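Please read the structure below before turning to the comments.
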Amino acid sequence: GGADVESVVAGLNERQREAVEHRGTPLLVTAGAGSGKTRVLTRRIAHLLATGDARASEILAITFTNKAAAEMRERVHALVGPEARFMQVSTFHSLCVRILREHHEAAGLRSTFSIYDAADSARLMKMVADEVGIDTKRTSERVLCNRVSDLKNELVGPAEYAERFHRDPVAKAVAEVYPLYQRRLADAHAVDFDDLIMTTVMLLRDNAAVAEHFHRRFRHILVDEYQDTNHAQYVLVTQLVGNGRDGVDPGQLTVVGDSDQSIYAFRGATIRNIEQFGDDFPGAREVILDQNYRSTQNILSAANAVIGSGQGQRSKNLWTDQGSGDKIVVNACPSDRAEAQFVGREIETLHKQGRAWSDFAIFFRTNAQSRLLEEMLMGAGMPYRLIGGTKFYERKEIKDAIAYLRAASNPDDTVNMRRIVNEPRRGIGPRALGSLLAHADTYGVSFGVAIAHVWAAVARELGQDPASTPGELAGFDTAQPSPDVVGLGKAARANLHAFWQILIDARAADAAGRPPAEILDSLMDATGYLGLLQASDDPQDGVRAENLAELHAVAEDFAIAEPDGRLADFLERISLVADADQLADVDDGGQITLMTIHTAKGLEFPVVFVTGMEDGTFPHSRSLGSASELDEERRLAYVAITRARELLYLTRAGTRTQWGTPMELPASRFLDALPPDVTDVRDSLTPTERIRAASPSYGSGAWGGGRVRSRGQRRIDRNRAGSSTPPTQPKTLVQVSRGDRVNHDTFGLGRVVETGGSGASTWAKVDFGDGSVKRLLLRYAPMEKL
Ligand code: ATP
Ligand code: MG
């Protein structure tokens, strides 16, 4: 092993080398996309090891996705050899899981605490809202969850929030649910995603010994994509670095980022962290990189122009010495279907010319856009993988199976226990559920333990001694009395007994060191879950059974990667599978990649298609009313464009079906910013095609009838699609409610923020952006609901 220092810095430019070799003070590397920030981080780690300035175990690197972490580990390994495995490279979330598992007692958690994902959190929030009597039809559990998430990202706890003065009704509702939501999480021995960070911050703040331990352990901390850190993550970084007051010198911090690629403001990320780095860490050195090594000059010129067209953005000057390359293809297609076909045909042509399938990436702004693209690729028999949109882990059967595993692992996990107690059906209707909940309430035990009490009572009736089952398996202290649950029918009692016994058996198998895949199989068999799917005539159920087989394969892969991994470890792995992680799946180099732009961050592909370049799709309609949100969309466009290495396509559809309705959308304003000399503008819209595009039979069949013609160098007229055919939707004086998007003849696009009145005097307050909120009488307003 070992690596020589020269080979580690070989092939770096002057500034990159400077950043890699820097020692002593905090270091900030800022640079545009593709200029080698991530490469600098990787080489810097290798350099620390090669020079002997650090041991691998003293290094902590934080990346944005687990996939990026795996890649970094691999690259450092290639540079310095096996020592690399001792360094810690992880995402913020997986880092916090580790810290919390290691110090769970100090953090007030059980070692087997559950991690709730967004769907679990929403379910729990719904229960909490119902409990305090908040109408989730008015304020949905998702809205409540988002608000709580924002607060946690700002490190505002429930008590602090309750003390604030709240005028708006949603804020009042949040103040009411937040403490109870936290209490219910604690009852369930669970944390949600945002808690992972906040709880770790509290742990390090309140426990000097634990903090000092990490100060001694991590001497070098490196953070990629620093522009997308939120306040809580920033505080965590400062805590890990330390301030020297405990006698340990502060760790050496290196962060890299590009404020123009900040695309997570909607989740609380703030470029303040990058802009104020010098104030936060006095004496910091800043290295600015400017040369791009990823893309052709044409692609960079387009990126510069798009980012430069924003009001809040500084102008960008990405450059390369790789030459101008091919022009950027900008194409308007009659419909979303025709757009998909255009993309498919281009890929087919380029593939025939010798490009690998894995050279291609197709991006979209929202997941809903992926279906047509998928259908097109499937119809044409082209191999592809969909990142982020599959929602494999959100499919019902997968969630059920995981709920079984979680319920086995953590008997107090109420959300998951309730999910499966009657799944498949075992006669636990609302009344039986009510009895169990009342019992849990009366005796101050969890929902799961209420079931355990039924199990114990039935066991006693059968002449067995529940105390012969150890408490870790039974889910409660079997030496203590276990009062029976009143109000349950005989069948329900027998079924609950059998249900709990299945979970006990699963726990016993786990305690005996059986692999998670085997535990999964026995749960699915013993509960009859799999048998029901296999016996069903419904082809959907066949697919569901296959998906369970896929989950089994995931568990087997896990056992190969972590032979000693127990059920809790497997569940932890699953919880942290962020969307982008599916990228880490076996990639034989033979697939086209479909993904949202958000998940494409940090990646690069030889050929990139950015689809849906329409105003209202991208920029997203939701952003049109706010200058800051529009700026975030623009940065997203910049991220999309700068993923491309050689060829870039920007496509749009004259009509796109949204929520089942075909809508005509004008060209994206981001297309207007493109310099004409770097684009090859095509327009596939012929008058006949426009009419055909509007008819539902258009484009059926694998390649459909969408004959796409290149019509040479023609500028796209933004309003052309809109003026050539009548509007698809007639204007009606619609009923609108809060949150609806509307289009007003004079004021343009807006969002309803409040409604009131009734009958002819029904009014709506509409936010048209730029601070103009208007109160309009619906009866008279020339306005349509979108
Ligand atoms: P992003 O902002 O998109 O995350 P980045 O700044 O992290 O981009 P990298 O991914 O590190 O950029 O580098 C972009 C590409 O340029 C990679 O393929 C990398 O290997 C290559 N590269 C970086 N620096 C050099 C260099 N000095 N010589 C040759 N290639 C380089
Ligand atoms: Mg990078």
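Taking only pairs six or more apart or across chains, which ones have beta-carbon atoms under 7 Å, a first residue in the stretch 83-106 that is assigned to a helix (DSSP H, G or I), and a second residue that is hydroxyl-bearing (S, T, Y)?
From the stretch 83-106, the pairs are F86/S57; C96/T200; I99/T200; L100/T199; L100/T200; R101/S111.
Run down D680, D631 and say which single residue is among the acidic types (D, E) and either at pLDDT below 85 or assigned to a strand (DSSP E or B) (or both). Don't jump to the end; show me each part of the working.
Numbers: D631 fails: either at pLDDT below 85 or assigned to a strand (DSSP E or B) (or both).
The unique qualifying residue is D680.
Inside the stretch 615-667, can you point out the residues that are of a type in the set (G, A, S) and surrounded by fewer than 19 Cβ atoms within 10 Å (Cβ to Cβ)?
Pass one, the stretch 615-667, residues of a type in the set (G, A, S): 616, 621, 623, 625-628, 637, 640, 644, 653-654, 660, 667.
Across the stretch 615-667, the qualifying residues are S626, A627, S628, G660.
So A338 ticks every box in (1) in a strand (DSSP E or B); (2) surrounded by 17 or more Cβ atoms within 10 Å (Cβ to Cβ); (3) among the hydrophobic types (A, V, I, L, M, F, W, C) but one. Which box is left unticked?
Checking A338 against (1) in a strand (DSSP E or B); (2) surrounded by 17 or more Cβ atoms within 10 Å (Cβ to Cβ); (3) among the hydrophobic types (A, V, I, L, M, F, W, C), the one that fails is (1).
Give the residues of the stretch 142-155 that are assigned to a helix (DSSP H, G or I) and farther than 14 Å from P169 by Cα, sorted by residue number. Spell out how you get there, then give the answer.
Pass one, the stretch 142-155, residues assigned to a helix (DSSP H, G or I): 142-153.
Correct list: R142, C145, N146, V148, S149, D150, L151, K152, N153.
Could you tell me which residue of the stretch 272-295 is surrounded by the most Cβ atoms within 10 Å (Cβ to Cβ), considering only residues that are of a type in the set (A, V, I, L, M) and within 16 Å of ligand 2 (Cβ to nearest atom)?
Step one: of the stretch 272-295, the residues of a type in the set (A, V, I, L, M) are 274, 284, 287-289.
Going one step further and asking which of them are within 16 Å of ligand 2 (Cβ to nearest atom), we end up with 274, 287-289.
Numbers: I274: 20, V287: 20, I288: 12, L289: 24.
Looking at residues that are of a type in the set (A, V, I, L, M) and within 16 Å of ligand 2 (Cβ to nearest atom), I get L289.
Determine whether the stretch 295-310 contains at least one residue that is part of a loop (DSSP other than H, G, I, E, B), within 16 Å of ligand 1 (Cβ to nearest atom) and either over 30 Å from L377 (Cβ atoms) or in contact with a Leu (Cβ under 6 Å, 6 or more places away or on another chain) (or both).
No, the conditions are met nowhere in the stretch 295-310.
Need at least 3 residues that are within 14 Å of ligand 2 (Cβ to nearest atom) and under 27 Å from the mean Cα position of the chain (by Cα) per element, so show me which helices (runs of 4 or more DSSP H) inside the stretch 1-81 make the cut, counting only ones lying wholly within it.
Values: elements: 5-9, 14-21, 37-50, 66-80.
So the answer is 37-50, 66-80.
In the stretch 252-270, what residues are away from ligand 1 (no atom under 16 Å from the Cβ) and either buried (at least 21 other Cβ atoms within 10 Å of the Cβ) or of a type in the set (S, T, N, Q) (or both)?
Here is the first cut: in the stretch 252-270, the ones away from ligand 1 (no atom under 16 Å from the Cβ) are 252-253, 265-268, 270.
Selection gives Q252, L253, T270.
Among A559, A653, A568, which is the only one that is more than 30 Å from Q322 (Cβ to Cβ), touching a Gly at 6+ places or on another chain (Cβ under 9 Å) and modelled with pLDDT of 90 or more? Let's see the steps before the verdict.
On the way: A559 fails: modelled with pLDDT of 90 or more; A568 fails: touching a Gly at 6+ places or on another chain (Cβ under 9 Å).
None of the others qualify; the one that does is A653.
Which condition does T478 not pass, out of (1) assigned by TED's automatic domain parsing to the domain that holds I402; (2) buried (at least 17 other Cβ atoms within 10 Å of the Cβ); (3) touching a residue at least 24 places away in the same chain (Cβ under 8 Å), if it passes all the others?
Going through (1) assigned by TED's automatic domain parsing to the domain that holds I402; (2) buried (at least 17 other Cβ atoms within 10 Å of the Cβ); (3) touching a residue at least 24 places away in the same chain (Cβ under 8 Å) one by one, T478 breaks only (3).
If a residue has to be more than 20 Å from the chain's Cα centre (by Cα) and in contact (Cβ under 8 Å) with a residue 60 or more places away in the chain to count, how many in the stretch 342-373 make the cut? It would help to see each step written out before you state the result.
Applying the first criterion (more than 20 Å from the chain's Cα centre (by Cα)) to the stretch 342-373 yields 342-360, 372-373.
Still in the running and in contact (Cβ under 8 Å) with a residue 60 or more places away in the chain: 342-347, 350, 355-360, 373.
Counting residues in the stretch 342-373 that are more than 20 Å from the chain's Cα centre (by Cα) and in contact (Cβ under 8 Å) with a residue 60 or more places away in the chain gives 14.
Here's the yes/no breakdown for (1) out of contact with any helix residue (DSSP H, G or I) (no Cβ under 6 Å at 6 or more places or on another chain); (2) closer than 19 Å to D564 by Cα; (3) surrounded by 21 or more Cβ atoms within 10 Å (Cβ to Cβ); (4) among the small types (G, A, S):
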site	(1), (2), (3), (4)
H497	no, no, no, no
Q501	yes, no, no, no
A508	no, yes, no, yes
P516	no, yes, yes, no
G528	yes, no, no, yes
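Would you confirm whether any residue within the stretch 36-46 is buried (at least 18 other Cβ atoms within 10 Å of the Cβ) and either away from ligand 1 (no atom under 15 Å from the Cβ) or more than 26 Å from Q322 (Cβ to Cβ) (or both)?
Yes: the stretch 36-46 contains one or more residues that are buried (at least 18 other Cβ atoms within 10 Å of the Cβ) and either away from ligand 1 (no atom under 15 Å from the Cβ) or more than 26 Å from Q322 (Cβ to Cβ) (or both).
What single numbered condition from (1) surrounded by 21 or more Cβ atoms within 10 Å (Cβ to Cβ); (2) in contact (Cβ under 8 Å) with a residue 40 or more places away in the chain; (3) not assigned by TED's automatic domain parsing to the domain that holds D53 fails to hold for Y178?
(2)
Assess whether D321 counts as being part of a loop (DSSP other than H, G, I, E, B), within 12 Å of ligand 1 (Cβ to nearest atom) and of a type in the set (D, E). Can you show your working first?
On the way: part of a loop (DSSP other than H, G, I, E, B): yes; within 12 Å of ligand 1 (Cβ to nearest atom): yes; of a type in the set (D, E): yes.
Here the answer is yes, as D321 does meet what is asked.
Tell me, please, whether a residue that is crowded, with 16+ Cβ neighbours inside 10 Å, farther than 29 Å from I574 by Cβ and out of contact with any Gly (no Cβ under 9 Å at 6 or more places or on another chain) can be found in the stretch 463-471.
Taking every residue of the stretch 463-471 in turn, at least one turns out to be crowded, with 16+ Cβ neighbours inside 10 Å, farther than 29 Å from I574 by Cβ and out of contact with any Gly (no Cβ under 9 Å at 6 or more places or on another chain).
Please name all residue pairs, on different chains or six or more residues apart, with Cβ atoms under 8 Å, provided the first residue is in the stretch 29-48 and is touching a residue at least 60 places away in the same chain (Cβ under 8 Å) and closer than 19 Å to G81 by Cβ and the second residue is within 11 Å of ligand 2 (Cβ to nearest atom) and assigned to a loop (DSSP other than H, G, I, E, B).
That search, which allows pairs on different chains as well, returns L41/D224.
The values are calculated or read from the model by the stated rules, or taken from the named source; none is laboratory data. What you are looking at is a predicted structure, and each value in this text was computed from that prediction instead of being measured. For neighbour counting, all protein chains shown are included, and Cβ atoms are generated from backbone atoms with ideal geometry for every residue, glycine included.
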